[in-house]
Structures are given as structure tokens and as C-alpha cells.
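Nothing in this text is a laboratory measurement; each read-out follows from the coordinates by a stated rule. All values derive from a computational prediction rather than experimental measurement. Reconstructed Cβ throughout: ideal geometry from the backbone, glycine too, with neighbour counts over all protein chains shown.
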Amino acid sequence: MCGEVSADTDVSGVSAMKLRPVLLVVLLLTGFYFATTHLASTGALAPWLAALHPAGPATGIESLRGTDGAFDLNVASAAPAFDSEEQQNIAVYKRALPSVVNITTTEVRYDFFFGPVPLAGQGSGFILNKDGLILTNNHVIGNAQSGNIEVRLYDKHSYKATVVTVDRGHDLALLKINAPNLVPATLAESSSGLEVGQQVYAIGNPFGLSGTMTRGIISAIRTIRGGENNLIEDAIQTDASVNPGNSGGPLLNSRGEVIGITTMIASNGAEQSAGIGFAIPINTAKAVLDDYAKYGRVRRPTLDIVTLPINPNIAEQIGLAADYGVLVERVLPGGAAEKAGLHGGTQRAYEGNNPVMLGGDLIVAFNGQEIASPQDLAEAMNAKHAGDTVTVTVFRGRKKMDFKVTLNDAKDQALGPQT
């Protein structure tokens with residue numbers, strides 16, 4: 001009997017233990033149902049849910065009502081803060097914009113019957129000082145005369161501009177307006193320390209859309225030939241989007257300082273950006289402005305030579321004494337180099353389909369500074385003025401020689417690859 005009673009007691013205990021998990025599950029389900037149907041509707045769970053998902057922006061419901069009914073919009077309750085990159089972009093734009101101008105020109109040409117045909121042009125520029133001096137590209141103004149050039153400021157006021165001076169060789173022009181409260185641009189101290197990969201900004205008036213800023217990086221520093229067959233030494237290549245109308249506007253560094261003057265694009269044939277733009281370095285512009293300040297006009301120094309860049313392959317092929325430098329193809333008659341005794345080439349050859357003259361002097365130094373490329377020679381020349389006497393070191397055959405050359409004044413000579 002005792003054994004049987006003991007057995008019955010054990011069965012009851014086991015049954016109770018099995019019911020406990022079931023009751024627990026029922027209680028949990030009941031609590032979940034209550035929370036989702038009652039507490040959520042009252043907003044009591046909102047602080048807990050916000051703590052679990054803190055990343056989302058604060059939002060609110062905005063109701064719109066009209067003749068066709070009403071609907072709700074989920075709207076952010078506060079504007080988001082700008083990140084550091086956006087803050088920098090905005091700061092550069094706000095600093096530079098008041099200095100950037102829109103330039104429009106009217107040039108009168110004549111048709112076959114000698115009837116006047118007005119042609120309109122457009123570009124950009126930037127203010128240099130409170131006296132109203134404005135720097136732009138020469139090709140922006142073209143052959144337009146003073147009185148046919150209009151400058152529009154960022155505050156929408158427009159003024160007639162006069163042409164102060166031009167430098168077709170560097171594709172630069174200096175204009176002047178009479179206007180109050182001008183905001184001059186800040187020029188970078190130098191453009192010689194620019195690095196590929198450095199962030200840059202272009203501000204101008206592409207397609208007439210004033211006050212447009214684009215951003216990119218410096219893609220390369222290279223010598224290019226400009227639209228008027230002029231060489232632009234140390235041109236700044238950038239992928240910042242530039243289009244027709246950007247010409248003459250500033251290219252800026254991340255501090256809003258002008259490092260170059262946007263001058264041309266590599267077009268895809270549709271007169272729009274193909275992702276490659278070029279700017280004249282600010283050092284070149286400063287040299288032009290320095291001439292104007294001293295002489296009242298541009299006095300671009302020149303050796304009066306036509307040159308050919310040299311690399312190790314070319315040097316080996318034609319048997320030069322050095323595998324670097326600038327080969328003198330031709331000395332201009334009566335020019336600085338001819339007067340000093342430098343020699344041009346005497347042997348006709350071809351570089352691809354282009355005829356060249358070989359056998360001339362190989363320039364390897366300028367005032368003791370090594371000259372490895374046309375860029376080096378152009379940079380050394382930019383530091384000089386017409387009338388300065390310099391020492392040019394050359395190889396004539398295998399003989400190294402020094403020549404004293406008095407630099408000529410290029411003035412407005414016919415353009416070409418002369419230096």
C-alpha cells in the first residue's frame with residue numbers, strides 16, 4: 001500500500017513541472033499582445049525604442065489638405081548638421097563668390113557685303129583689387145573694344161569695362177571697372193608647390209549660369225598648347241567640371257585662394273566638359289601683373305628661339321651630349337639668342353609627321369640652374385624681365401659653353417613655340 005501511494009505522489013509532481021513552461025509561454029504572449037496593442041498606441045514605448053535605434057533622424061508628421069483630400073508626409077523635425085567636408089565646400093564658396101564676375105562682350109564683324117554682324121561672347125573673371133582691376137583670359141574678350149565689354153558682379157550690378165592690357169602669349173587680359181565696395185580675391189602665395197591629388201574648386205559662369213561652383217582634384221601639372229597656339233607652361237589639369245563660360249574664372253585651393261585661371265577644356269566634340277580642364281598657374285599671372293605694375297604694360301622676356309624638348313630616347317638617337325635639356329631648333333633673326341651667338345639646327349628631320357631641325361645648341365642650364373625641360377626654362381624665364389642679362393649654358397656638339405644673353409621684349413610678337 002505504501003508503495004502504491006508513493007507512486008501516485010511522484011506522478012502528480014511530474015505533471016506540475018511540465019505545466020510550468022506552458023504557463024510561462026502563455027504569460028509572455030499575453031504581455032507581448034498587451035504591449036503592442038495598448039502601450040505602443042499610447043507612445044509609452046517610444047523612449048525604449050529610440051534607445052534601441054538611435055541612428056534615425058527625428059521625424060514628425062505633416063498633414064496636407066486640399067480639394068482632393070488629405071495625406072500625411074513624414075518630415076524631419078530639424079535640419080541636419082553639415083559634415084566637415086560640406087562645411088569646407090560652403091566656406092570656400094562664400095569666401096570666393098563675391099570676387100567672381102561674369103563677363104560679356106560684343107564684337108562687331110562684317111559679312112560678305114560689309115554689313116556689321118555683332119557677335120556676343122561670355123566668360124568669367126575675378127577682382128584683383130578695390131580699384132576695379134579684373135583678371136580674365138584674353139580669349140574671353142577676343143577683339144572686343146573698351147565699351148563693348150560688360151562686367152556683372154555677384155550682387156547683379158553691371159558695369160562697362162575698359163581693357164588695360166593683354167598678354168596674348170599667356171592668354172591673359174586685365175580689365176578695369178569703376179564700382180564701389182569691390183571684394184578682391186585672395187591669391188595663393190605660389191603655384192609652384194601644387195601636388196597631384198590636391199583638392200581644387202572652380203567658380204564661374206558655365207553656359208551663363210552665374211555663381212556655379214564645381215569641385216575636383218589636380219589631375220596633373222603639364223605643358224599644353226592653348227587655343228591661340230600659345231604654350232602654357234605648368235598648366236594645372238583638373239577633373240573639376242569646367243564648361244564654356246568658365247574661362248577666366250578662378251581655380252581655388254581648399255582655403256579659397258586663387259591658384260590658377262581656368263582657361264580651356266578638353267572637349268568631347270560637343271563643346272562641353274569631358275572631365276579634363278586646364279588652368280594657367282597663378283605664378284604666370286603674377287609675372288604679368290608685375291610687368292604691368294613696373295612698366296604699364298606686359299614685357300614678356302624672350303630668348304627669341306624655337307625649341308624642341310629632349311628625352312633620353314631622342315638624345316640617344318641623335319647623339320647628344322646630354323639626355324636632358326632643350327634643343328634650339330631655330331634662332332629668330334635679329335633676336336636675343338642670335339645676337340648672343342647661339343646656333344639653331346641645320347639638319348632637317350621629322351618627329352612623327354612634324355618637321356624639326358637638328359644640330360643646334362642644347363640648352364642645359366640658365367643662370368646656373370639646370371634646365372631639363374621646356375617647363376624648367378619657362379619657369380626660369382618667368383622670374384626675369386625683358387632687358388635682363390642671363391647666362392645660358394649649352395652643349396654645342398660635345399663642347400660645353402656659356403653665353404651671356406640679354407633677354408628681348410616679346411611684346412606682341414607672332415605666337416608660336418618660341419621662348
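Couple of notes before you dig in:
- Zero-based 5 Å bins, Cα pair distances in segment 325-367, whole percents: 6, 22, 26, 25, 12, 6, 2
- Range of Cα positions in segment 298-350 per principal axis (Å), largest first: 37, 23, 19
- Across the cross-link table entries K94/K130; K339/K400; K160/K294; K294/K384; K130/K160, which are compared at the Cα atoms, the separations over 23 Å belong to K160/K294.
- Karplus-derived HN-Hα couplings along segment 152-167 (A = 6.51, B = -1.76, C = 1.60, θ = phi - 60°), whole Hz, x at Gly and Pro: 10, 7, 5, 8, 6, 7, 10, 9, 6, 10, 10, 8, 7, 6, 9, 10
- Mean-position separation - Cα centroids, segment 280-313 and segment 212-227, in angstrom: 19 Å
- Under the Karplus curve 6.51 cos²θ - 1.76 cosθ + 1.60, θ = phi - 60°, whole-Hz ³J(HN,Hα) for segment 209-215, x wherever Gly or Pro sits: 8, 5, x, 8, 10, 10, 10
- Student exercise, segment 301-409 dipole from Lys, Arg, Asp, Glu Cβ charges, in Debye to nearest 20: 380 debye
- Pairwise label distance in nanometres, N367 with L19, each label 7 Å out on the Cα-Cβ vector: 10.7 nm
- Residues of segment 292-333 falling in the label zone of R348, defined by backbone nitrogen less than 20 Å from a point 7 Å along Cα to beta-carbon, are 306-308, 318, 328-333.
- Annotation for segment 263-356: GluC sites (Glu not before Pro) lying in DSSP loop with at most 14 further Cβ atoms inside 10 Å of their Cβ are E271.
- For V101, distant residues with modelled amide H under 5 Å away: G125, F126, I127
- Estimated FRET transfer efficiency (D68, L209; beta-carbon r; R0 41 Å; 0.05): 0.70
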